[in-house]
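Here's the structure, in structure tokens; my notes come after.
The values are calculated or read from the model by the stated rules, or taken from the named source; none is laboratory data. Note that the coordinates shown come from a computational prediction; the quantities given were computed from them, not determined experimentally. Don't worry about glycine lacking a Cβ; one is built from the backbone with ideal geometry, like all the others, and counts go over all protein chains shown. Please note that ligands, DNA and RNA were not included when accessible areas were found on the heavy atoms of the full protein model with its side chains. Shrake-Rupley method; radii C 1.70, N 1.55, O 1.52, S 1.80 Å.
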Amino acid sequence: MGKGGEKGEEAGEREAPGRLYGWEEIQRHNLRTDKWLVIERKVYNITTWAARHPGGPRVISHYAGEDATDAFRAFHLNPSFVQKFLKPLLIGELAPGEPSQDRGKNPQLVDDFRALRKTAEDMNLFKADPLFFSLYLGHIIMMEALAWLLVSYYGTGWITTFILSCILATSQAQAGWLQHDFGHLSVFKKSIWNHIVHKFVIGHLKGASANWWNHRHFQHHAKPNIFKKDPDVNMLHIFVLGDSQPVEYGKKKLKYLPYNHQHEYFFLVFPPLLIPVYFQMQIIMTMIRRRFWADLAWAFSYYMRYFIMYIPFYGVLGSLFLLTFVRFLESHWFVWVTQMNHIPMEIDCEKHRDWLSAQLAATCNIEQSFFNDWFSGHLNFQIEHHLFPTMPRHNYCKIAPLVKSLCTTYGVHYEEKSLGKAFRDIVGYLCLKQWHQSCKMFV
């Protein structure tokens with residue numbers, strides 16, 4: 001937006017105390033070049049600010065024309081600090097007769113969820129245990145060291161290399177869960193320390209980009225399983241998801257792949273290729289195109305360390321093959337864990353639900369056990385994680401009973417299943433009868 005837009009924002013700020021708006025007008029400002037949103041009944045024009053938003057322009061733009069109060073509280077570690085960035089964007093307030101929530105959302109449910117969040121704060125559930133995360137980082141570093149010692153003492157035989165690959169894949173998967181903690185600002189009280197350690201873990205321990213992850217993953221949390229808003233359900237025409245997408249593809253006669261067999265080619269495409277091919281290409285291209293030079297330097301430090309450690313044993317080509325195989329193994333782990341909570345759930349267009357209902361419609365939990373907690377990085381508590389993304393993961397089990405109780409009160413479906421059933425549901429969801437009926441339209 002040009003200077004005129006900036007002047008409009010400045011004028012809006014001066015007029016803010018006297019300007020009152022209704023939801024009908026606010027909802028019209030949900031365009032690419034004109035974006036308003038509401039936080040705690042105050043109306044903000046984020047049109048020019050979106051491009052400078054630290055979490056990326058898309059995540060904040062997804063709430064244009066809506067009440068973003070709960071999303072704002074969920075993503076920001078210190079909302080009062082962020083208020084200073086909001087002040088210049090303030091253009092007014094909701095009119096006294098307007099409800100605090102848009103589009104007929106249940107105000108009592110919204111208030112009770114906010115009361116639940118206050119209860120969690122009073123229980124210190126947003127306070128991290130330093131020992132937990134120190135030990136977690138320690139066990140990752142220990143696996144990295146063990147892998148190198150293994151090849152140092154036992155050589156590069158096939159059995160040794162396979163065991164080494166499994167250890168490195170485990171280390172990479174666990175580092176992925178740990179960077180997820182720092183990326184969500186759930187470890188340190190101050191955001192800056194979370195950002196610094198996040199860059200170390202995702203950059204130096206994994207060779208990936210913190211900014212790439214932030215801009216992608218926060219969209220997923222803001223609008224989970226929502227087409228055109230959640231990048232995790234953008235399947236690039238490889239899979240068709242939900243109830244509406246197969247029908248849409250059928251009407252348009254789009255047939256890029258034999259979708260009636262997607263539950264079969266899933267095993268050949270998604271788990272083995274997501275990290276070593278798609279994510280790897282996307283990360284490198286994003287760092288270069290968006291000039292994330294700090295992230296590129298961190299990633300470079302990972303590859304330097306890896307090749308210094310393994311080229312003496314495997315040579316350049318052998319080290320590249322080893323790294324690709326490790327990524328291949330990690331990719332299977334990552335896909336099954338991250339998709340078991342989302343693919344079997346509702347995937348559809350925007351329905352403008354309240355925060356609680358939107359997250360519960362798109363997520364489910366996996367039964368708790370020591371193994372499930374470790375294997376999934378506590379993402380078996382996906383519901384609690386989505387409701388409170390800045391909460392340290394070791395506290396999910398403490399808030400879960402209260403979340404269940406709130407869901408029962410309002411008839412919101414809270415789904416929990418075994419790990420085995422969760423894996424089966426991914427494939428089962430892709431081959432339901434409705435898929436075959438929809439796919440007949442392609443013929």
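In the range 15-96, which strands (runs of 3 or more DSSP E) lie fully inside it and hold 1 or more residues that are among the acidic types (D, E)? Walk me through how you get there before you give the answer.
Numbers: elements: 34-39, 42-45, 90-94.
Once the strands (runs of 3 or more DSSP E) in the range 15-96 are filtered for at least 1 residues that are among the acidic types (D, E), what remains is 34-39, 90-94.
I'd like to verify a number: residues in the range 254-275 that are open to solvent by 50 Å² or more (accessible area, probe 1.4 Å) and β-branched (V, I, T), how many?
So the answer is 0.
Return only the number of the condition from (1) open to solvent by 10 Å² or more (accessible area, probe 1.4 Å); (2) without any contact (Cβ under 8 Å) to a residue 60 or more places away in the chain; (3) within 21 Å of F75 (Cβ to Cβ); (4) among the hydrophobic types (A, V, I, L, M, F, W, C) that L360 does not satisfy.
(1)
Which residue pairs have Cβ atoms under 8 Å apart, sit 6 or more places apart or on different chains, and have a first residue in the range 109-129 that is of a type in the set (D, E) and a second that is open to solvent by less than 70 Å² (accessible area, probe 1.4 Å)?
Listed pairs, sorted by first residue: D112/L406; D112/Y410; D129/P392; D129/H394.
Checking A147 against (1) open to solvent by 20 Å² or more (accessible area, probe 1.4 Å); (2) out of contact with any Gly (no Cβ under 8 Å at 6 or more places or on another chain): exactly one of these is not met. Which one?
(1)
When residues of the range 51-75 are filtered for being crowded, with 18+ Cβ neighbours inside 10 Å and at pLDDT below 95, how many remain? Walk me through how you get there before you give the answer.
Quick first cut of the range 51-75, residues crowded, with 18+ Cβ neighbours inside 10 Å only: 56, 59-72, 74-75.
If we keep only those that are at pLDDT below 95 as well, we get 56.
Within the range 51-75, residues that are crowded, with 18+ Cβ neighbours inside 10 Å and at pLDDT below 95 number 1.
Go through (1) closer than 26 Å to K189 by Cα; (2) open to solvent by 50 Å² or more (accessible area, probe 1.4 Å); (3) at pLDDT 95 or above one by one and return the number of the condition K84 breaks.
Only one criterion in (1) closer than 26 Å to K189 by Cα; (2) open to solvent by 50 Å² or more (accessible area, probe 1.4 Å); (3) at pLDDT 95 or above is unmet by K84, namely (3).
Do the conditions hold for K206, that is, is it at pLDDT below 95 and either buried (at least 22 other Cβ atoms within 10 Å of the Cβ) or more than 17 Å from the chain's Cα centre (by Cα) (or both)? Lay out the reasoning, then the answer.
Details: at pLDDT below 95: no; either buried (at least 22 other Cβ atoms within 10 Å of the Cβ) or more than 17 Å from the chain's Cα centre (by Cα) (or both): yes.
Taking the combined requirement at face value, the residue does not satisfy it.
Scan R114, R103 and give me the residue that is surrounded by fewer than 19 Cβ atoms within 10 Å (Cβ to Cβ), within 24 Å of the chain's Cα centre (by Cα) and within 30 Å of E25 (Cβ to Cβ). Break it down into steps so the answer makes sense when it comes.
Working: R103 fails: within 24 Å of the chain's Cα centre (by Cα).
After applying the criteria, what remains is R114.
Go through S319, S369 for me and flag whichever is out of contact with any strand residue (DSSP E or B) (no Cβ under 7 Å at 6 or more places or on another chain) and either of a type in the set (F, W, Y) or open to solvent by 20 Å² or more (accessible area, probe 1.4 Å) (or both). Steps first, please.
Working: S319 fails: either of a type in the set (F, W, Y) or open to solvent by 20 Å² or more (accessible area, probe 1.4 Å) (or both).
Only one candidate passes the filter, namely S369.
If you check K229, K251, which single one turns out to be of a type in the set (K, R) and crowded, with 19+ Cβ neighbours inside 10 Å? Before you say what the answer is, go through the steps one by one.
Values: K251 fails: crowded, with 19+ Cβ neighbours inside 10 Å.
From the options K229, K251, the qualifying one is K229.
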